[in-house]
Amino acid sequence: MTVVRQILADPVVHHLRPDPTRVPLGLTVGEALDYVRQHPTTGRVVYFYVVDELDRLRGVIPARRLLLAPLHCRVEDLMIRNVVAIPHTATVLEACEFFTLYRLLAFPVVDEDGRLIGVVDVDLYTEELSDLERREGNDDLFQLIGVHLTEAESRSTRTQFARRFPWLLCNIAGGLLAALLTGLYGDVATLVVVTPFIPVVLALAESVSIQSVSLALHALHAGRPTWGQFARRLTREVVVGLALGIVSGLVVGTIAVAWDGDPRIGLTLLGGIAGGVTAAAAVGLAMPVLLRIVRRDPQVASGPIALATSDMITLLVYFNLARVLLA
């Protein structure tokens, strides 16, 4: 562990590649490509870094975007202006945080004046840490990175609020949609035998949804699954969700029949809970994977979206069954 800490504390400037692919500001795409040919670089080219006359970083262009753009287009019209750059004072550990947080393939390294002094890409990042993985083990290494990353993120209240609040809007929207559904299904939602069981039907679906989200997040920590693996996990989770829903629906439905004496409410609860829980299991497992695909943080966003979606599906199943069997 001591060796891990020592190398992770190294300045990142000791591990960067000092010849990033520069493109002067003010060129067209055709001129930029000619410039790159005349100033070749070593290593893999992932991004083209746009610099001004003082070599200050002004933007970044993904290689694919520059290569496929019309030759007459200007570089500044293609570049991404808000560049995520690593300061030259950063350590290897802090550079690891950038890869973990932003999931880009490379990061420019700049000095205190914003001048481009090098680049750290995924290949170099992997090579520098491979010896540590062999000597100390993956668990120690990534535990250090994860703990430090968590501490860094938690320092800023403003950052935490900005990351988490937008996803809570899903819960707000879900609550408003639930109220809308209740109004649309007013003929059954207000029935004496239906209304008291709405909380328990939703609670069961939400609980299973959160369980499935947790399982999916745990699986993602081991690496992004292939589509085949995802399909197998989703199928297994749907089967488990269906079993959980049927058993839970039987328990609640039996109690409801004993309470009210009407077997139709028992069938309604059985179907509503079984359908809602099964859908919740599928949504909970799929949501983190889908969010990872679109480059959003699944740990923050999965729960609110999965819960809101599960609530909508569960209410639709429950109310429609009630309308068919009880109305």
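The table below gives the values:
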quantity	calculated
Selection from the range 238-278 of residues that are of a type in the set (Val, Ile, Thr) and in contact (Cβ under 8 Å) with a residue 24 or more places away in the chain	VAL238, VAL240, ILE246, VAL252, ILE265, THR268, ILE273, VAL277, THR278
Exclusive hit being buried (at least 17 other Cβ atoms within 10 Å of the Cβ), out of contact with any strand residue (DSSP E or B) (no Cβ under 8 Å at 6 or more places or on another chain) and either closer than 30 Å to ASP10 by Cβ or not small (Gly, Ala, Ser) (or both), set LEU78, LEU57, LEU93, LEU68	LEU93
Matching residues, the range 191-233, being under 19 Å from VAL294 (Cα atoms) and buried (at least 16 other Cβ atoms within 10 Å of the Cβ)	VAL213, ALA216, LEU217, ALA219, LEU220, PRO225, PHE230
Positions within the range 12-21 being surrounded by 14 or more Cβ atoms within 10 Å (Cβ to Cβ) and outside any loop (DSSP other than H, G, I, E, B), in sequence order	VAL12, VAL13, ARG17
Matching entry among GLU76, GLU31, GLU97, GLU53 (being at pLDDT below 90 and of a type in the set (Asp, Glu))	GLU97
Some residue of the range 201-218 being within 25 Å of ALA301 (Cβ to Cβ), assigned to a helix (DSSP H, G or I) and at pLDDT below 85	yes
Answer from VAL317, VAL324, VAL294 - the residue that is free of Cβ contacts under 8 Å to residues at least 24 places away in the same chain and either over 8 Å from the mean Cα position of the chain (by Cα) or outside the structural domain of PRO263 (by TED's automatic domain parsing) (or both)	VAL324
Residues (of a type in the set (Ser, Thr, Tyr) and without any contact (Cβ under 8 Å) to a residue 40 or more places away in the chain) located in the range 182-209	THR190, THR195, SER207
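Residues checked against (1) touching a Phe, Trp or Tyr at 6+ places or on another chain (Cβ under 7 Å); (2) in the same structural domain as LEU267 (by TED's automatic domain parsing); (3) modelled with pLDDT under 60; (4) of a type outside the set (A, V, I, L, M):
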residue: GLU128; (1), (2), (3), (4): no, no, yes, yes
residue: ARG164; (1), (2), (3), (4): no, yes, no, yes
residue: LEU169; (1), (2), (3), (4): no, yes, no, no
residue: GLY175; (1), (2), (3), (4): no, yes, no, yes
residue: ALA179; (1), (2), (3), (4): no, yes, no, no
residue: ALA222; (1), (2), (3), (4): no, yes, yes, no
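The values are calculated or read from the model by the stated rules, or taken from the named source; none is laboratory data. In this text, all values refer to a predicted model and were calculated from it rather than measured experimentally. All Cβ positions, even for glycine, are placed from backbone atoms using ideal geometry, and neighbour counts span all protein chains on display.
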